[in-house]
Structure formats: structure tokens, C-alpha cells
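Asker: Provided herewith is a single structure, encoded as C-alpha cells, for subsequent inquiry.
The values are calculated or read from the model by the stated rules, or taken from the named source; none is laboratory data. Source: prediction; values computed, not measured. Backbone-built Cβ (ideal geometry, glycine too); neighbour counts: all protein chains shown. Note: areas computed on protein heavy atoms with side chains; ligands, DNA, RNA excluded. Shrake-Rupley method; radii C 1.70, N 1.55, O 1.52, S 1.80 Å.
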Amino acid sequence: TILHNIKLYAEPGQKVAFVGSTGAGKTTITNLINRFYDIQDGKIKYDGININKIKKADLRRSLGIVLQDTHLFTGTVADNIRYGNLNATDEEVAKAAKLANADGFIERLPQGYDTVLTGDGSNLSQGQRQLLAIARAAIADPPVLILDEATSSIDTRTEHLVQGGMDSLMYGRTTFVIAHRLSTVRNSDAIMVLEQGRIIERGSHESLIAKAGKYYQLYTGAFELE
Ligand SMILES: Nc1ncnc2c1ncn2[C@@H]1O[C@H](COP(=O)(O)OP(=O)(O)OP(=O)(O)O)[C@@H](O)[C@H]1O
Ligand SMILES: [Mg+2]
């Protein structure tokens with residue numbers, strides 16, 4: 001048993017952040033709420049409907065998932081974005097790229113949106129791959145997002161673009177995010193601090209700082225400071 005006594009909810013449009021040390025259970029929680037695994041005990045509900053009563057295809061359509069590693073395939077930049085919604089028009093691809101802050105670098109590529117990516121996007125930087133992942137999630141336009149923020153160090157300018165793209169993507173959507181960026185955590189409606197599979201602290205950034213507990217320790221130690 002990895003998780004114990006986990007109880008949490010999000011109102012539509014709210015943002016819930018998970019923080020905690022390595023091995024605390026953050027990825028496990030997100031794997032359960034997107035149903036990569038089934039839970040052994042307890043209940044997970046979307047709009048009051050038990051997750052195991054929701055058709056997998058419907059669940060996939062409703063959840064946008066952005067993980068730390070973006071898998072890109074051999075094909076054009078546009079195809080890689082359109083993977084989030086195969087019926088999307090070129091205009092919708094461009095719109096998603098713009099929302100994700102990916103339009104700038106794409107337009108500077110030799111063939112723009114028609115540039116062919118090879119070998120899992122090895123001809124792109126880490127930050128550019130993240131921007132494409134955000135665009136791919138944006139084009140699917142899901143009501144719920146599950147994000148595992150990348151920890152990889154990217155240059156400050158790209159980091160800024162990624163943060164802006166993430167913020168636009170999250171706007172108006174119910175979001176569960178494993179947060180590594182202080183700005184994401186700060187903007188969350190609720191922060192869950194996990195340790196050894198338990199929620200040991202919860203609340204807003206301010207209330208948790210005032211508490212001077214584990215969150216305060218993480219905040220002063222591990223998060224990058226703005
Ligand atoms: N597939 C698995 N089978 C068994 N135990 C696992 C599995 N995946 C993770 N665990 C265990 O579950 C616990 C929580 O892991 P989890 O991956 O959720 O941590 P995390 O909070 O995401 O950590 P990190 O910050 O390093 O990503 C760990 O003790 C880990 O050893
Ligand atoms: Mg993890």
C-alpha cells in the first residue's frame with residue numbers, strides 16, 4: 001500500500017497542487033486519477049460518477065495529461081500538435097501553438113509547422129518539446145488537466161515561455177499538478193503536501209508558510225526562488 005487516507009476534491013476550474021519529497025506518492029496519485037491504475041480501496045469520482053463507470057475513451061477525452069517527458073513522433077510539428085485532436089484544422093493547430101507560447105519558435109523553424117521532427121523530436125530543445133506538449137494538450141481542450149511539471153533546467157527565457165503557456169493552458173480548467181515551480185504552487189487554490197503516501201499539510205501558500213512546517217521547509221529549500 002502506497003497511499004493512506006487520501007481525501008481531496010476540486011471544484012470545477014480549481015487548481016490543486018501536489019508537493020513533497022521524492023517517493024512521497026505524487027505520481028501515484030496522478031496515475032490513479034487518470035486511471036493508469038485502478039485503486040484497490042476507496043473511490044474516485046468525476047462529477048459524482050465513479051471513475052470505473054466512465055468509459056476509458058470518455059475519460060481520455062476529458063483529461064489532458066502533460067508529463068515530464070514529452071513523446072514526439074516522426075512527422076511534422078503540426079502533426080505532433082494535432083495528435084491531441086486529430087480533427088483539428090491548421091488554424092486550430094496554430095491557435096493552440098499560440099496559446100502554448102510555442103508559435104514563436106515554430107515560426108522560426110526552416111519549414112515552420114511543416115518542419116519534420118525526427119527521432120522523438122531530438123532536433124528540438126527540451127524547452128521546445130515542453131512547449132509542443134502544452135500545445136498538444138491545448139488543442140484537445142479538455143476540462144481537466146493533470147500535469148507533472150518538468151524539473152529539467154531550461155534557459156530563463158524558455159522557462160518564462162513554458163510558464164506562460166502552462167498558465168494559459170490551466171486557465172478555466174480543473175487542474176491537478178505536481179508542481180515544481182513556485183509560481184504554479186502559489187497560484188493554486190489548494191496545496192497538498194505529501195509525505196510517505198499521506199497528506200501531511202494542506203492549504204493555501206500563505207497559510208502553509210505561516211504554519212512553518214514541511215511546506216515551509218520545502219519552500220525555503222527545494223523550490224526555485226523567483
Ligand atoms: N510501480 C510501482 N510498484 C511499486 N511501488 C511503486 C511503484 N511506483 C512507485 N512506487 C513506490 O511508491 C512510492 C511513491 O512513489 P511516487 O512515484 O508516487 O513518488 P513521487 O512523489 O512521484 O516521487 P518523485 O518526486 O521522485 O517523482 C515510492 O515509495 C515508490 O517506491
Ligand atoms: Mg513522481
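Asker: What range in the chain is the longest one free of trypsin sites (Lys or Arg not before Pro) that are in a loop by DSSP and have at most 12 other Cβ atoms within 10 angstrom? Walk me through the intermediate numbers first.
Answerer: Working: sites that count: K7, K43, K55.
My reading of the result: 56-226 is the longest stretch.
Asker: Do any chymotrypsin sites (Phe, Trp or Tyr not before Pro) in the range 39-121 lie in a DSSP loop with no more than 13 other beta carbon atoms within 10 Å, and if so, which? Working shown, then result.
Answerer: Numbers: sites: Y46, F73, Y83, F105, Y113; in loops: F73, Y83.
When the chymotrypsin sites (Phe, Trp or Tyr not before Pro) of the range 39-121 are filtered for loop state and at most 13 Cβ neighbours within 10 Å, F73 remain.
Asker: Which cross-chain or sequence-distant (5 or more) residues have an amide H under 5 Å from the amide H of Q68, H modelled 1.01 Å from N in plane?
Answerer: Placed amide hydrogens put D148 under 5 Å from Q68.
Asker: Excluding residues on the same chain fewer than 8 positions from K56, give the lysines whose Cα lies under 17 Å from its Cα.
Answerer: By straight Cα distance, K56 reaches K43, K45.
Asker: Report, for the chain, the % of DSSP beta bridges that are antiparallel, rounded to 5. Could you put the intermediate results ahead of the total?
Answerer: On the way: 9 of 27 bridges.
So the antiparallel bridges amount to about 35 percent of the total.
Asker: Starting from 0.36 nm per residue, how many nanometres of slack lie between N87 and Y9 once their C-alpha separation is accounted for? Mind dumping the intermediate values first?
Answerer: Details: separation 78, 0.36 × 78 = 28.08 nm, distance 3.24 nm.
My answer for the length gained is 24.8 nm.
Asker: Which percent of the accessible heavy-atom area of the chain goes to carbon and sulfur, probe 1.4 angstrom? Intermediate values should be presented prior to the final figure.
Answerer: Numbers: 5920 of 12140 Å².
On the chain, the fraction of accessible area on carbon and sulfur atoms equals 49 percent.
Asker: Length gain on complete extension for the stretch S204 to R186, per 0.36 nm per residue less the alpha carbon to alpha carbon distance? Walk me through the intermediate numbers first.
Answerer: On the way: separation 18, 0.36 × 18 = 6.48 nm, distance 0.76 nm.
Extra length from S204 to R186 when fully extended: 5.7 nm.
Asker: Chymotrypsin sites (Phe, Trp or Tyr not before Pro) within the range 167-226: which are DSSP loop residues with at most 12 other Cβ atoms inside 10 Å?
Answerer: Values: sites: Y171, F176, Y215, Y216, Y219, F223; in loops: Y171, F223.
Here the chymotrypsin sites (Phe, Trp or Tyr not before Pro) that fit, given the DSSP loop and packing criteria, are Y171.
Asker: OK, next. For the chain, what's the relative contact order in percent, using C-alpha pairs closer than 8 Å and at least 6 residues apart? Could the numbers behind the result be given before it?
Answerer: Details: 359 pairs, mean separation 72.3, N = 226.
Relative contact order for the chain comes out at 32 percent.
Asker: A follow-up question, please. Residues of the chain: accessible area per residue at 1.4 Å, in Å²?
Answerer: On the way: 12140 Å² over 226 residues.
Accessible area per residue: 54 Å².
Asker: Can I ask one more? Subtracting the Cα-Cα distance from 0.36 nm times the residue separation, let me have the gained length for Q217 to T74 in nm, one decimal. Display every interim value, and only then the final one.
Answerer: On the way: separation 143, 0.36 × 143 = 51.48 nm, distance 4.31 nm.
Difference between extended and current length: 47.2 nm.
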